[in-house]
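See below for the structure under consideration.
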Amino acid sequence: FCVRREYQRRGIGRLLLSQVIEELKGPGARMLYVHTTSRMPAAINFYRKNGFTLEAMLRDFYGDGEDRLVFSMKLR
């Protein structure tokens, strides 16, 4: 998910994430994985602040110098 720039830093992303987590816990999901580009420091900071751990980096996945980052969160 993504929050438009003019609405960021208002807790909307955190609220959306908490709703996703609650929905996933119901059917018994164990893990949540998210992918982002290394060129989005705001997204990287958001995921880290909200309890995600960097699991993998695929170097130059999107192009030279632009890595794909995979973050995870244990739901149980």
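The values are calculated or read from the model by the stated rules, or taken from the named source; none is laboratory data. Source: prediction; values computed, not measured. Using ideal geometry, Cβ is built from the backbone for each residue, glycine included, and neighbour counts are taken over all protein chains shown. These accessible areas exclude ligands, DNA and RNA; they are computed on the full protein's heavy atoms, side chains included. Shrake-Rupley method; radii C 1.70, N 1.55, O 1.52, S 1.80 Å.
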Inset, instruction - Please list 20, 3 in order of solvent-accessible area, largest first, computed with a 1.4 Å probe with all protein chains present. - result: 20, 3
Inset, instruction - Give me the distance in nm between label points sitting 7 Å out from Cα along the Cα-to-Cβ direction at residue 49 and residue 68, one decimal. - result: 2.7 nm
Legend entry - Three semi-axes of the equivalent ellipsoid, the chain, Cα gyration tensor, whole Å, largest first: 22, 18, 9
Inset, instruction - Taking all protein chains together and a probe of 1.4 Å, list 49, 25 from the most accessible to the least accessible. - result: 49, 25
